[in-house]
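Everything on this sheet refers to the single structure shown next.
Please treat every number below as a calculation from the coordinates, not as lab data. Quick caveat, the model's predicted, so the values are computed rather than measured. So basically every Cβ, Gly included, is an ideal-geometry build from the backbone, and we count neighbours across all protein chains shown.
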Amino acid sequence: MAIFARPTSRRRVLASGLVLLAGAAGAVGLALGSDHQDTPDVELNQASDMTDLYVFPGSSPDRIVLVMNTWAFLTPAETPTSYFDPNLLYQFKIDNTGDAVEDKVIQVTFTGSGSSQQAQVRGPVAPPRPGAMDNEIADATPAISGRVNSVTGNAPGMQLFAGHRDDPFFIDLEQFFRILPDRKPVTGPLAALPETPTATAWRGPGEAVNYISGFNVLSIVIELPVSDLTAGGNSRLGIWGIISR
């Protein structure tokens, strides 16, 4: 299964994720939008904070990998006790007709707690309720059920990994807050940066500091045949993620 090589009912929407356009083989195209940590609800529940969504080619040309990351800045000390929220619905939404409306969804839910937590994957299925609001779990038997921090499923069909990974994103947050100081935190070392902008551009490759290095995220990684997503549509996919309550 292709996963990161580096070690990070109805439900109301809490966080939306990155929208991608992907080819049938899973190649990433245009990113249209991304946001996280954008509401008080998300700030109070880190498991609902979607940090990034990725689409990769799979282990063969006819397979695709979908990745949803959540829980930013998970420290090594927090990692052993931090897991997915059983009260949340994690969804990949797929448009295969080009109308920016999901035609299929893959839904991931969790039961239990700690390292014995179990993940269930439903789909790809037609969305029980299209759109961002009033989401509900599909009335379908889970395609995969398995324990977190392990690979479950089967190689010819769908495989799942849900658990901790090193955050693959790179950002020089100190420089970012020097460019946009109104976004800086109110506590911690970055809060001491000046209140007015002191920079207008990113630091160069040899000077930039990856502030996220050493932090983990919770990852949901699904690999499956491309045909499971393109069936009934075309080979160009729009893919986005939703975490909702």
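Here the Karplus curve 6.51 cos²θ - 1.76 cosθ + 1.60, taken at θ = phi - 60°, turns the phi angles of the range 119-132 into couplings of 10, 10, 10, 10, x, x, 9, 5, x, x, 8, x, x, 7 Hz, with x standing for Gly and Pro.
Here the relative contact order of the range 171-211, from alpha carbon pairs under 8 Å that lie six or more residues apart, stands at 53 percent.
Once divided by 2.2 N^0.38 Å, the Cα radius of gyration of the range 171-211 becomes 1.09.
Using a simple spin-label model with pseudo-atoms 7 Å out from Cα toward Cβ, GLU195 and ASP99 lie 5.2 nm apart.
Residue order for PHE177, PHE169, fewest other beta carbons within 10 angstrom first, comes to PHE169, PHE177.
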